[in-house]
Amino acid sequence: MGYCQQRRERFGPFGVITEMRNQGIGRLLLFRCLYTMLTQGLHCAWFLWTGQDAARLYSLAGFKQVRQFAVMNKSL
C-alpha cells in the first residue's frame, strides 16, 4: 500500500497508493524513515522532486524548499 526508501541522506522515492491516501500511512512512513536515518547518524535529508500533496506532508516534517525547477515539454 505504501513505499519509502532512503540512501544515506537522499530520501525517496516515496508514495502511497491512491485509494489508501489521507489515512496517515504516508506520514507514518515518512517519520519512521526520518527516524531511522537519524539513528544511522544522518542529520539531514533531501529529495529531488515532489508534487503539491506530498509537499504539505514534507513541510510538517520541517523540510524547506531550497530550489525550484521549471518543467518544460513539447509535443512532437
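Is it the case, given these coordinates, that residue 12 is of a type outside the set (D, E, K, R) and under 10 Å from the mean Cα position of the chain (by Cα)?
The answer is yes for residue 12.
Would you be able to tell me the number of residues in segment 13-23 that are assigned to a helix (DSSP H, G or I), open to solvent by 90 Å² or more (accessible area, probe 1.4 Å) and not acidic (Asp, Glu)?
Qualifying residue count for the region: 1.
Note down all Cβ pairs under 9 Å where the first residue falls in segment 24-44 and is open to solvent by 50 Å² or more (accessible area, probe 1.4 Å), the second is in a helix (DSSP H, G or I), and they're at least six residues apart or on different chains.
27/57; 27/60; 31/60; 43/37; 44/37
Just one of (1) modelled with pLDDT under 90; (2) under 14 Å from the mean Cα position of the chain (by Cα); (3) not charged (D, E, K, R) trips up residue 29, so point out which.
The number of the failed condition is (1).
Taking segment 45-70 as the region of interest, how many residues are of a type in the set (S, T, N, Q), assigned to a helix (DSSP H, G or I) and open to solvent by less than 100 Å² (accessible area, probe 1.4 Å)?
1
What are the residue pairs meeting all of these: first residue in segment 63-76, first residue within 30 Å of residue 31 (Cβ to Cβ) and free of Cβ contacts under 8 Å to residues at least 40 places away in the same chain, second residue hydrophobic (A, V, I, L, M, F, W, C) and part of a loop (DSSP other than H, G, I, E, B), Cβ atoms under 9 Å, and 6 or more apart or on different chains?
63/45; 63/47; 69/48; 69/49
The values are calculated or read from the model by the stated rules, or taken from the named source; none is laboratory data. As the structure is a computational prediction, the values presented were derived from the model and not from experiment. Cβ atoms come from the backbone with ideal geometry, glycine included; neighbour counts cover every protein chain shown. For accessibility, only protein heavy atoms count, side chains too; no ligands or nucleic acids. Shrake-Rupley method; radii C 1.70, N 1.55, O 1.52, S 1.80 Å.
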